[in-house]
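Here the structure comes first, spelled out in C-alpha cells, and everything after it is commentary.
The values are calculated or read from the model by the stated rules, or taken from the named source; none is laboratory data. No experiment lies behind these values; they were computed from the predicted model shown. Using ideal geometry, Cβ is built from the backbone for each residue, glycine included, and neighbour counts are taken over all protein chains shown.
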Amino acid sequence: MRRLFFLTFLLACGGDDDVSPSKADSCVTGDSDVQVLTTDDGIHFVRTPDAAFEGLEDYDFSPNYAELDGLRMHYIDVGPPDGDLVVMIHGEPTWSYLYRHAATALVSQGHRVVAIDLIGMGRSDKPVDTAVHTYEQHVDWVWQFIDQLDAPELTLVVHDWGGLIGLRIVGDHPDAFSRVVALNTTLPIFPVGGNPYEMPEDTSADCALGEFEGWTTFQEWMTHALLAPDLRAGHLVQTLTATEVSVEVEAAYDAPYPSRIYKAGIRAFPSMMTAVEDQNQPAWDALGAFDGPFLTLWGALDPVVGSQGAQDALTDHIPGARGQYHERWDASHFVQEDVGPLLGATVSYFITATPLDAPECWEPEVVVSALDCEAVCDRLSDCDPDHPHGICMQGCQLVDPYLTEAASSGVMPCMLESECGTFDSFGAALDGCMAPLIFGGQLTPQPGNTEVCEAVGPAVEACDPETGMIQVCEGLAAVFTSESMARIGDCADVGCDGMRECLMASNCTFVFDNVGAVPD
C-alpha cells in the first residue's frame, strides 16, 4: 500500500517544486494551508475537494477512480455495461465536463461511455510540480488506464491534447482500438533539434499578464499558460467556442482549480510541446497502416487546428479514414461545447454504420431507398437477409444497415407501399412514421413527425431553399447539407425547383446515408 505524507503548502506562489519563497509573487495568493500529499515515488500532489464538484450544471455523474503510479485518475462510466464502449479523452485545460452533452447523447442510444480526466485536471490528482507533466508521462498514464479496461472492442474519441496523447497510443497499440474519432487535434513530429518552441527562462508568475485575450501563436499561448498568475480554464473555453458559454458553465470548468497550486497541469501542458521531436514517428507510421474506421469531426472556426489542411493531414494518411463522412461544423476549437449533442449522435451513428461483424455484402456507399423496389432487391439479392446489419433485402423489405436490430425487426414494408411501421433511426420503437434527418452525415429522429405515410416514393412535396429540407410524403424528410448533396451524384447541382425530378430520375426517394442512388 502506498504511503501518503501530509504536508502544509505555505508558498504563496504555489505549484512548482523549484519555486522558493524568495521567488514568490505578490500577485499570486490563495495557496497557503493547502494540503499536499506525496506518493511513494515522491510525487507531491493535491486533490481538489469533492465539494468543488457539487451542483455543476448538466454534470450529474458519479465519480470513479483508477490508481496509476500512486495517483488517482478520475473517470465517468455511464450507460449499459454491455453497450458499445466509447472512451473519450479531453485536452487542456478542460476535463470530462467537456463531454457531458455528447456522453448523454451516446448513452441515450445504448452506448457505454467512459470519459477520463487527465492527471492534473478535473477530479484527478494534480502533481504540483510542472516538471512532472511531460508528454511521455501522460501517454504512459493514459495507456495504463486503457489497458486496465481490458476491453475487446473500444471506440476512442480524442480532442486537443487528448489527441496528441490518444493518437500516439493508437499508433503504439493499434490492435487495442476498434474505431477512432478525432476532433480538432494533431500528432506533431519535429526533426531532432528542429522544435520551434522554447520554454521561458523564468517560469515564475508574470504579474503583468492578465486574461487570455485570444489566439495568436502557439508560442504565445504556451508562455501565457505557464506564466499567467490566474489562468482560468472557463475563460479559455469561452474564448475558443463559437457559442456563448454561460457563467455557470465557465464556473464548472474552473471548479477543479480553486487556486494556483491546482493548476500546474493546465499551466504545463502547452509547454510539453517543447520536448516533442521525432518520438511520434513510429506511431505516425503505424497510423498509416491503421484500417479500422477512423472519423474526423472538425470545428471549422477553430483558429488553432481548424484548417482543412489539419484535418486532411489525418484523413489523407490513415487508411481507415477513407470512405468515412468527415465533417466540418460551424464550431470552434471546443467542438463539444458548441455542438455536444450533435457530436454524440454522430459518434453513435458512426459506430452503428461501421459494425465490426459486417457481412461481405457490406457496401455503405450504395445504401439507398429506391422507387423501384424490385430493382433494388435484384441488385442486393446476394446479401444475407438474416443478418441484422449490412445491405440486406428480405423479399421486398429493406433492412437498413443504420437501423439496430430492434428497429429493423419489423422492417419497413416495400417503400412503394409505404405502410410505415414502427421504427426509429436509432432503434427506439416509436409509433407511426419517424423522419430520418440527414444532417452532416448523422441520422437523428425528427420529434413529432409521426404521421402515417400514404406513399413514400411518388412525390417530393417541398424543398426549403434555406434549410435544404426535402419533404417526402407526409412523414419523411431528408436534410441535405452542401456536402451530402454532392454525394447524390447527378443531383448535386440541382436546386429545389429541379430536385424532385432529379431524385425521381436517379431512382432515389430519400437517402439514409448522404450517398447517391444505386447506379443503374
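Observations
- Where a residue in region 90-119 is over 20 Å from residue 153 (Cβ atoms) and its partner, wherever it lies, is among the β-branched types (Val, Ile, Thr) and in a helix (DSSP H, G or I), with Cβ under 6 Å and at least six apart: 92/266; 93/266
- The listed residue being assigned to a helix (DSSP H, G or I) and either surrounded by fewer than 18 Cβ atoms within 10 Å (Cβ to Cβ) or touching a His at 6+ places or on another chain (Cβ under 6 Å) (or both), out of 51, 102: 51
- Applying the set (1) modelled with pLDDT of 95 or more; (2) of a type in the set (Gly, Ala, Ser); (3) closer than 16 Å to residue 267 by Cβ to residue 15 leaves exactly one unmet item: (1).
- In region 197-226, the residues that are of a type in the set (S, T, N, Q), within 27 Å of residue 242 (Cβ to Cβ) and buried (at least 18 other Cβ atoms within 10 Å of the Cβ): 223
- Residue 122 in contact with a Ser or Thr (Cβ under 6 Å, 6 or more places away or on another chain) and outside any loop (DSSP other than H, G, I, E, B): no
- Residue within region 276-283 that is over 19 Å from residue 334 (Cα atoms), at pLDDT below 95 and in a helix (DSSP H, G or I) present: no
- Some residue of region 103-113 being closer than 18 Å to residue 266 by Cβ and either of a type in the set (A, V, I, L, M) or in contact with an Asp or Glu (Cβ under 9 Å, 6 or more places away or on another chain) (or both): no
- Selection within region 60-76 - under 20 Å from the mean Cα position of the chain (by Cα) and surrounded by fewer than 17 Cβ atoms within 10 Å (Cβ to Cβ): 60
- Leading residue by the ranking (modelled with the highest pLDDT) among those in region 288-341 that are more than 28 Å from residue 233 (Cα to Cα) and polar (S, T, N, Q): 315
- When residues of region 305-345 are limited to those that are farther than 21 Å from residue 100 by Cβ and hydroxyl-bearing (Ser, Thr, Tyr), the one surrounded by the fewest Cβ atoms within 10 Å (Cβ to Cβ): 307
The rows are residues; the columns are (1) hydrophobic (A, V, I, L, M, F, W, C); (2) in contact with an Asp or Glu (Cβ under 8 Å, 6 or more places away or on another chain); (3) free of Cβ contacts under 8 Å to residues at least 40 places away in the same chain.
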residue	(1), (2), (3)
71	yes, yes, no
81	no, no, yes
125	no, no, no
141	yes, yes, no
149	yes, no, no
157	yes, no, no
161	yes, yes, no
166	no, no, no
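- Of the residues making up region 152-191, just one is of a type in the set (Lys, Arg) and either assigned to a loop (DSSP other than H, G, I, E, B) or under 15 Å from the mean Cα position of the chain (by Cα) (or both), namely 179.
- Test: residue in region 59-71 that is at pLDDT 95 or above, among the polar types (S, T, N, Q) and within 21 Å of residue 237 (Cα to Cα): no
- Selection within region 329-355 - outside any helix (DSSP H, G or I) and under 24 Å from residue 111 (Cβ atoms): 329, 331, 334, 354, 355
- Residue within region 227-237 that is touching a Gly at 6+ places or on another chain (Cβ under 6 Å), assigned to a helix (DSSP H, G or I), buried (at least 21 other Cβ atoms within 10 Å of the Cβ) and among the hydrophobic types (A, V, I, L, M, F, W, C) present: no
- Considering only residues in region 29-40 that are part of a loop (DSSP other than H, G, I, E, B) and at pLDDT 95 or above, the one that is surrounded by the most Cβ atoms within 10 Å (Cβ to Cβ) turns out to be 39.
- For residue 275, the conditions (1) farther than 30 Å from residue 154 by Cα; (2) of a type in the set (A, V, I, L, M, F, W, C); (3) surrounded by fewer than 16 Cβ atoms within 10 Å (Cβ to Cβ) are fulfilled apart from (1).
- Of the criteria (1) out of contact with any Ser or Thr (no Cβ under 7 Å at 6 or more places or on another chain); (2) of a type outside the set (Val, Ile, Thr); (3) closer than 24 Å to residue 309 by Cβ, which one residue 182 fails: (1)
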